[in-house]
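The values are calculated or read from the model by the stated rules, or taken from the named source; none is laboratory data. Every value quoted in this text rests on a predicted model; they were computed, and no experiment measured them. Every residue, glycine as well, gets a Cβ built from its backbone with ideal geometry; the counts of neighbours run over all protein chains shown.
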Amino acid sequence: MWNSRPQRGNMQLLANFLSPIDAHIVLGRMLSEDIYAVVIDEDIVWNNYMYSQAFGGVKLLVHHVDIERAKVILAEIEDNKFLLDKGESNQGNEKKLSFRYHFFKSINTFLVILLFLIFGIALPLKS
């Protein structure tokens, strides 16, 4: 019989994830907040990704003393509190990036046409 609320000693289930990468991102946040946590069942998912839902995903276990604080941090992560971009306008940078994009796109187009005319090789343009 499967245990829907796995425990290992003093550890309690905080969350399930379908991807081990997502679990490790949250694990890193928990460890940076001095909350002891571990990820289990990630090897099953790495070996066969299609079994992720069958095994209940990757589980993040937290020490039972820190479970309430970990739930608060997990809710803050889901509310996007820890985003790096605070919505500040980077209009100057956007203009520079737009110019670079169009400049390199025109060079790419020129090189593709040049290769076709010289060697007869038709290469697709990257978008």
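Before moving on, here are some points about what is shown:
- Those residues of the stretch 111-121 which are over 36 Å from the mean Cα position of the chain (by Cα) and part of a helix (DSSP H, G or I), in sequence order: ILE113, LEU114, LEU115, PHE116, LEU117, ILE118, PHE119
- Restricting attention to the stretch 32-55 and to residues that are of a type in the set (Gly, Ala, Ser) and surrounded by fewer than 17 Cβ atoms within 10 Å (Cβ to Cβ), the residue that is modelled with the highest pLDDT turns out to be SER32.
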